[in-house]
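This report refers to the structure that appears directly beneath it.
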Amino acid sequence: MGDVDVRVGPEPLSFAQVEAVARDGARVALTEESLALVAAAREHIEELSARPTPVYGVSTGFGALATRHIAPELRARLQLNIVRSHAAGSGPEVEREVVRALMLLRLRTLATGRTGVQPVTARTLAALLNAGITPQVFEHGSLGCSGDLAPLAHVALALIGEGSVRDAKGELRPAAEALAEAGIEPVTLGAKEGLALLNGTDGMLGMLVLAIRDLHRLLTAADVAAAMSVEALLGTDRVFAADLQELRPHPGQATSAANLRALLAQSEIMESHRGPDCTRVQDAYSLRCAPQVNGAARDTLAHAEMVAGRELVSAVDNPVVLPDGRVESNGNFHGAPVAYVLDFLAVPAADVASMSERRTDRMLDRARSDGLPAFLADDPGVDSGHMIAQYTQAAIVSDLKRLAVPASADSIPSSAMQEDHVSMGWSAARKLRKAVDGLTQVVAIEILTAARALDLRSPLRPGPATGAVVVRLREAVPPPGPDRYLAPEIAAATRLVRDGSLVAAAEAVTGPLS
C-alpha cells in the first residue's frame, strides 16, 4: 500500500484496521470507488437543494425544527450553525484513540456514498487523520441518539477550522493554526453536510471495537491467571477434561478449558498431589468453575463481535441518500444495538474480575492455601506480603460491579420531545472502557500473587507454560522477599498483561492460546 496502511471504501473495515488507525497512527486513503460514490450522491443533494420542495436535512431545519423550510441564502449559515451549536461537550477530554476511531468510522460512512457530502469533505477528514490532528472531544454530550452528536460536532468543528485540536505531538492548539501548519484547507460546508458529519454512532462503535480487541487478549490472560492459581493452590486439573466440558457444549467454555489444560501440562506441582494421599474431594468454585465463567465471558464477547461486525457494514445517517437518488429519513442512528452489547460486556468484566479476586484471596489465607505462608509474607506479622494488593483488587471489583449497571436501560427525552427515547450508548461505552481497565489490573494482581505463590512452592516447579510466565514477570518484578514498595510491581504486572507479554510467554511453550 505504500505509505497508506488502510484503504477506506464502502466495504467494512476490519477490527484490526480500526485499532491500527486508532492506536498505532496507521495512515488512510479513500478508494477511487468511494470517491465516485460520494460524488454521485453529492450530485443528488445539489439537485434536491435547488428544488422549491422542502427536503429534510437539505433545505429544512433539524430535529424539533424540521418543519421549517430554510431559504437558499441561509443554508450555508445553517450548516455552520448546526456544527457550532452541537459542539457543546463538557467534562474531561476523551482519549486520542477514541477520537481517531470515531473519525475513521465516520470517514468510512461518508465513503459509502449514502450521506451526500462533498468529496473534499471526506478527503479533508482523511487528511486530519494522516496529519495526526485530533479534535478536542469531551466526555459528556452524547445521548446515543441521534448518534453521538456532540462528539462528532467537535470533529466537524475542526474540519471547518474552528475549535481546538491536539497536533501530532499532543499539543493543544487552535484548529485553524494546526490545519494551516499541516497544509490542510478548512472545509466550506454545503447543504446537508453539517448533519451528515454529526448523525452517527461512530463514537460508541469505535469504543466497542477497541474494547473487543482488548477483551480478546484479556480473557486469555484471565485463563493464564486462573491456571497459575489452580497450580499454586494445589487444585486439580481433572475437572478441565475435554469429555467433561463436552457435557455442556458452550464454545467459550471449551476454549477456556483447553487453555487451562495446555497451561497446566507437565507441572511438577500438579503431579505432586495426584496420588492416593490427596484427600481433597473437590476445589472451590473459583478454581473448578473457571472455564464456565471465563467461557461465558467469551461467548458474550462473541455476540458483541457479531453486532459490531454488522455495524461496521452499516451506513448510519439521517436522512440517507439512496442509489436511486431518493433522500429518506430513518431511525438507523438509534444506538440501541451497540448500547446493549456495550452494557452486556461490562457484566462479564465484573464477574471475571470477581472470580479472580476470590482466587487471590484464597492464596493469601493460610486456612485455605494448603501450606502457603499467611499473605505470602516473608515473615508473617513483621511482613504483610500481598495483603493490601488484594484490598486493591477488592476495591476495583466493587467499582466494576457498579459499572455493570446498564446505561441502556435509561433514557432521557430531549429536543422538545422529538428525540423522546435515547440509547445512552456513549455512556455505556465510557463505562466499559473503565471496566476493561479495571479487569486488566485485577488479572495482573492475581498473576503477580500466583507467581509469588508458585515460587514459594519450590523446590517443586510449575509447568513449562506457567513457569515461563513467572520468568517473564521476574524480568520486571523481583522474586519473593521482605516487604517492599508494591505499587510499582502492580503497575509493571498490569503493563505486561495489557501489552500481551505474559500471554506471549505462555504461548512460546503451548503454542497459540485462544
### Summary
Computed over the stretch 346-439, protein heavy atoms only, probe 1.4 angstrom, the accessible area per residue in square angstrom equals 44
### Query
Sorted by mean Cβ packing within 10 Å, highest first, what order do the peptides 111-121, 300-310, 223-233, 462-472 take?
223-233, 111-121, 462-472, 300-310
### Task
Set Lys and Arg Cβ to +1 and Asp and Glu Cβ to -1, take the dipole of the chain about its Cα centre, and tell me which of 416, 159, 479 lies farthest positive.
416
### With every protein chain in place, the stretch 182-332: carbon and sulfur % of accessible area (1.4 Å)
53
### Query
So how far, in whole Å, is the C-alpha centre of the stretch 164-207 from the one of the stretch 391-443?
27
### Message
Through the Karplus equation 6.51 cos²θ - 1.76 cosθ + 1.60, θ set to phi - 60°, convert the phi angles of the stretch 398-404 into ³J(HN,Hα) values in whole Hz; use x for Gly and Pro.
### Response
4, 4, 5, 5, 5, 5, 7
### Task
Work out how far the C-alpha atoms of the chain reach from end to end along every principal axis, then list the three figures in whole Å, largest first.
91, 48, 45
### Accessible-area composition of the stretch 113-174, carbon plus sulfur, in percent [1.4 Å probe]
53
### the stretch 353-396, Cα convex hull volume normalised per residue, Å³
58
### Query
FRET efficiency for residue 271 and residue 405, Cβ-Cβ distance as r, R0 = 35 Å, nearest 0.05?
0.20
#### Entry: Geometric extent, Cα atoms of the stretch 249-391 - Rg, Dmax (angstrom)
23.9, 79
#### Entry: Amide proton proximity set for residue 26, modelled H, under 5 Å, gap of 5+
21
### Task
Calculate one ³J(HN,Hα) per residue across the stretch 487-495 by plugging θ = phi - 60° into the Karplus curve 6.51 cos²θ - 1.76 cosθ + 1.60, and present them in order as whole Hz with x for glycine and proline.
4, x, 6, 5, 4, 5, 5, 4, 4
### Message
Please list 3J(HN,Hα) in residue order for the stretch 427-436, calculated via the Karplus relation 6.51 cos²θ - 1.76 cosθ + 1.60 where θ = phi - 60°; whole Hz, with x for glycine and proline.
### Response
5, 4, 5, 4, 6, 5, 4, 5, 5, 4
### Task
Please express the Cα-Cα pair-distance distribution P(r) of the stretch 158-275 as a list of whole percents, one per 10 Å bin, running from 0 to the bin with the greatest distance.
11, 22, 20, 11, 12, 16, 8, 1
### Task
Could you rank the peptides 193-204, 211-222 by their average count of other C-beta atoms within 10 Å per residue, with the highest value first?
193-204, 211-222
### Message
Please state the shape class of the stretch 433-514: rounded when a/c is under 1.5, otherwise prolate if a/b exceeds b/c and oblate if not, all from the C-alpha gyration tensor.
### Response
oblate
### Task
Can you spot the lysines whose alpha carbon is less than 26 Å from residue 169's alpha carbon? Ignore those fewer than 8 places along the same chain.
434
### Query
Can you pull the percent of Cα pairs in the stretch 127-220 with separation above 20 Å?
45
### Query
So what's the convex hull volume per residue for the Cα atoms of the stretch 359-514, in Å³?
148
### Summary
Sorted by chain and number, the residues with a modelled amide H under 5 Å from that of residue 419, at a separation of 5 or more or across chains, are 414
### Query
When the helices in the chain are scored as -39500 (n - 2.57) per DSSP H run of 4 or longer and the sum is shared across all residues, what 222 nm value do you end up with, to the nearest 500 deg cm²/dmol?
-18000 deg cm²/dmol
#### Entry: Between helix 251-264 and the chain: long-axis angle, C-alpha atoms, 0 to 90°, nearest 10
40
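Got a number for carbon plus sulfur as a percent of the stretch 465-514's accessible area, 1.4 Å probe?
Values: 1440 of 2350 Å².
Solvent-exposed carbon and sulfur of the stretch 465-514 make up 61 percent of the total.
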### Relative counts (whole %) of C-alpha pair distances in the stretch 272-351, using bins that are 5 Å wide
3, 11, 14, 13, 11, 9, 8, 7, 6, 5, 4, 3, 2, 2, 2, 1
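Any idea of the accessible area per residue across the stretch 110-152, 1.4 Å probe, to the nearest Å²? Present the calculation step by step, with values, prior to reporting the outcome.
Numbers: 930 Å² over 43 residues.
Averaged over the residues of the stretch 110-152, the accessible area is 22 Å².
The values are calculated or read from the model by the stated rules, or taken from the named source; none is laboratory data. Computed from a prediction, not measured in an experiment: that's the story for all the values here. When we count neighbours, we look across all protein chains shown, and the Cβ atoms used for this are built from the backbone with ideal geometry, even at glycine. Please note that ligands, DNA and RNA were not included when accessible areas were found on the heavy atoms of the full protein model with its side chains. Shrake-Rupley method; radii C 1.70, N 1.55, O 1.52, S 1.80 Å.
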